[in-house]
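The values are calculated or read from the model by the stated rules, or taken from the named source; none is laboratory data. Remember, it's a predicted structure, so these values are computed and weren't measured experimentally. Here the Cβ positions follow ideal geometry from the backbone for every residue, glycine too, while neighbour counts run over all protein chains shown. For the accessible areas, the whole protein counts, side chains as well, though only heavy atoms, and no ligand, DNA or RNA atoms are used. Shrake-Rupley method; radii C 1.70, N 1.55, O 1.52, S 1.80 Å.
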Amino acid sequence: MKSNLIKALFISCIFVALCSCEPEKKKRVLNLPQTDLAMENMIPMPMKVIPTNSGFALDKFTAIYTSENADGFPEVGKFLSEKIHAKTLLDISVNVEEISGREGVIYINQSDSLELNAPEAYQLYITKDSIILNSNTAAGAFRGVQTIRQIIPETPIDTVAPYKVWNIPTGKIIDNPVFEYRGSMLDVARHFFSVEDVKKYIDLLAYYKYNVLHLHLSDDQGWRIEIKSWPKLTEIGGSTEVGGKSGGFYTQEEYTDLVNYAAQRHIMIVPEIDMPGHTNAASVSYPFLNGNGKEVKLYTGMRVGFSTFDTRKDTTYAFIDDVVREISAITPGPYFHIGGDESHVTKKKDYIYFVEKVEKIVQKYGKRMIGWDEIATADIDSTSISQFWSSKENADLAIKKNMKIIMSPAKKAYLDMEYDTLSKHGLHWAGYIPTDTAYVWSPETYEGIPLENILGIEAPLWSETISTIDELEYLAFPRAIGYAELSWSTPENRDWEKYKVRLANQAPFLDRMNVKYYPSPLIDWKKSKYTYKEIQKD
Ligand code: TNX
């Protein structure tokens, strides 16, 4: 594969030498305006940015070449080409041998350099003549591609050339995330969201370098994933949602489609089946599971903490075994989330017994268990992971057990909290979370949880108050963009005043993606000079 690249480089040099007299292709003599890579609106902010102040001309002569035999690299090249098209309407070829007419080239290289010895590290070298993106893994290359997307200007520059030129600032970027787990959770149980909606959310997360989407697939109000051995879960348990409208569910094929779509964007899906509480929908479908002693019926309200599985029945665990087995079989990622929160009507000793038994089932199917912070009250393995949402006491128990912790403190990281008293959607039991509060905190030091225990950050979006993609976007954006920076960028590279400007400049992207973000009054949102439609017209 390297030989192909060398060949491409060689041919392009000869070509440049031969053609430098041809006026049409002489774009390097175009006077590209000075640039400053350090002033670009990149989010998350990369680790190091070293500007060299000239410009790489992205135009119809540009081509992309990738390491061809390195796993996933050609796909990353194609992804970049598609996204360049979406932004500029340019058609950029990928790994096409014939390079006549090609001048500036983008190389996406698999590199074994020691400097890139981290799973998602990448380096970008942008000169007047080429963009070289080096990474050890396709995941790292994919993250680097997001950086390239973000520094392509929204509009072409004015040149005398008879074709359009986008002036990409030159310089060097050295980048690597602080946290290995950078996620958002979507609650598709309280209100169901279609495959198409979830894909759009995945696209937006990918642009900001997230690598995890946690799907909350079951709760009192709905069961959202087909389990072939227990069909009533979706027939009955999936039939409704909060507010009483009809619900929905993903077939295993649809779930697999989501898993693959996310994987193409180097995002892993973490499935959650919430238990032993939050299980009304399962118990309506199969009443033997119910442990609260009451008659179960479909529930479409917003209360929590009233349901529980019967934790002392063998059949309950046979059921859970099937559910974990079927979902694990179609989930390539290493994690299975068992919920475990707010089991207010499960006796403490039953809760502990339950979590310990379910941990074994999860491990039997080759997965690592994640659960909300309450699971650390049980005697579980250090390999299991606690998701901190409210209890410092539970976090301390997890630390004592040497467990890893995912940081999702409700007061800071809950995407379903209202921005302020005027918010159109959301709850406020953990407080209001305006755009600055969401950004100005340190997951590295929050509540004194030791850094070595922190696996990463996750921003959960509970859906009691939202039922459409527009409403989802209102709560998630712009805050999810800030969490992306908190989980990727070093504390030295985070500063609200500077971030605010970079965030304001996300508006053209969000508009182009038709994202109905909350236009926070704290941000001086940028209006784009040209609309996307205008670029398309001429
Ligand atoms: C608490 S956070 C819950 C969810 C609700 C959410 C609403 C957690 C682990 N449980 O069941 O949807 O509050 O903000």
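Over all directions, how big on average is the projection of the convex hull of the alpha-carbon atoms in segment 388-525, in square nanometres?
8.5
Tell me the Rg and the Dmax, in Å, that the Cα atoms of segment 196-339 produce.
For segment 196-339, the Cα radius of gyration and maximum Cα-Cα distance read 15.3, 48 Å.
Hey, which lysines would be in cross-link range of residue 401, C-alpha to C-alpha under 20 Å, not counting anything within fewer than 8 residues on its own chain?
348, 349, 357, 360, 367, 392
Considering Cα pairs under 8 angstrom that are at least six residues apart, work out the relative contact order of the chain and quote it in whole percent.
13
Using the scaling law 2.2 N^0.38 Å as the reference, what is the normalised Cα Rg of segment 181-513?
Against the compact-globule rule of thumb, the ratio is 0.94.
Once the Cα atoms of helix 138-151 and of the chain are each reduced to a long axis, what angle between those two axes, in degrees from 0 to 90 to the nearest 10, is obtained?
Once rounded, the angle reads 60 degrees.
Heavy-atom accessible area of residue 268 with all protein chains present, probe 1.4 Å, nearest 10 Å²?
50
Using the crude model of +1 on Lys and Arg Cβ and -1 on Asp and Glu Cβ, and no other charge, please compute the dipole size for the chain relative to its Cα centre, in debye to 20.
Details: 60 positive and 72 negative charges, 139 e Å.
With only Lys, Arg, Asp and Glu charged at Cβ, the dipole is about 660 debye.
Please calculate how many Å² of accessible area segment 405-506 carries per residue, with a 1.4 Å probe and no DNA, RNA or ligand atoms counted. Please list the in-between numbers first.
Details: 3330 Å² over 102 residues.
In whole numbers, segment 405-506 has 33 Å² accessible per residue.
How big is the accessible area of residue 32 in square angstrom, nearest 10, if you roll a 1.4 angstrom probe over the protein chains?
Taking all protein chains as shown, residue 32 has close to 40 Å².
Hey, got the Cα dimensions of segment 281-390 along the principal axes, in Å, largest first?
The Cα atoms of segment 281-390 stretch 37, 30, 26 Å along their principal axes.
Rounded to the nearest 5, what is the percent of antiparallel bridges among the DSSP beta bridges in segment 37-175?
Close to 60 percent.
Counting each DSSP H run of 4 or more residues in the chain as -39500 (n - 2.57), what helix-only mean residue ellipticity at 222 nm follows after dividing by all residues, to the nearest 500 deg cm²/dmol?
Estimated from H runs of four or more residues: -9500 deg cm²/dmol.
Given the C-alpha centroids of segment 131-184 and segment 379-444, what is the distance between them in whole angstrom?
Value for the Cα centre distance between the two parts: 31 Å.
What is the helix-to-structure angle for 314-329, meaning the angle in degrees between its Cα long axis and the longest Cα principal axis of the chain, kept from 0 to 90 and rounded to the nearest 10?
Between helix and principal axis, roughly 10 degrees.
Return the carbon/sulfur percentage of the accessible area of segment 181-513, one whole number, probe 1.4 Å, all protein chains in place. The partial results should precede the final answer.
Numbers: 6000 of 11310 Å².
For segment 181-513, the apolar C and S fraction of the accessible surface comes to 53 percent.
With bins 10 Å wide starting at 0, give me the P(r) of segment 37-175 over every alpha carbon pair, in whole percents.
Using 10 Å bins, I get a P(r) of 13, 46, 35, 7, 0 for segment 37-175.
What is the percent of Cα-Cα separations in segment 209-251 that go past 11 Å? Working shown, then result.
Working: 583 of 903 pairs.
Tail of the P(r) past 11 Å holds 65 percent of the pairs.
Note the full-extension length gain between residue 246 and residue 420 as 0.36 nm times their separation in residues minus their Cα-Cα distance, in nm to one decimal.
Computed gain between residue 246 and residue 420 is 59.6 nm.
Within the accessible area of segment 37-175, what % is carbon and sulfur when the probe is 1.4 Å and the other protein chains stay in place? Intermediate values should be presented prior to the final figure.
Values: 2580 of 4940 Å².
Exposed carbon and sulfur together represent 52 percent of the surface.
How high is the relative contact order of segment 360-489? Use alpha-carbon pairs under 8 Å, at least six apart in sequence, and give a whole percent. Mind showing how you got there, number by number?
Numbers: 208 pairs, mean separation 27.5, N = 130.
Computed value for segment 360-489: 21 percent relative contact order.
Quick check for segment 37-175: number of Lys pairs with alpha-carbon distance under 19 Å, counting only pairs 8 or more apart or on different chains?
Here the count comes out as 11.
Extension gain residue 427-residue 497, at 0.36 nm per residue separation less the Cα-Cα distance, in nm?
Between residue 427 and residue 497, full extension yields an extra 22.5 nm.
With everything on Cα atoms, drop me the angle between helix 195-207 and the longest principal axis of the chain, reported from 0 to 90° to the nearest 10.
It works out to around 50 degrees.
Run the numbers for residue 297 and residue 512: contour at 0.36 nm per residue of separation, minus the present Cα-Cα distance, in nm.
Working: separation 215, 0.36 × 215 = 77.40 nm, distance 4.38 nm.
So the extension gain works out to 73.0 nm.
Taking every DSSP beta bridge with both residues inside segment 181-513, roughly what % is antiparallel (nearest 5)?
The answer is about 10 percent antiparallel.
Roughly how many Å² of residue 328 are accessible to a 1.4 Å probe, to the nearest 10?
The accessible area comes out at roughly 10 Å².
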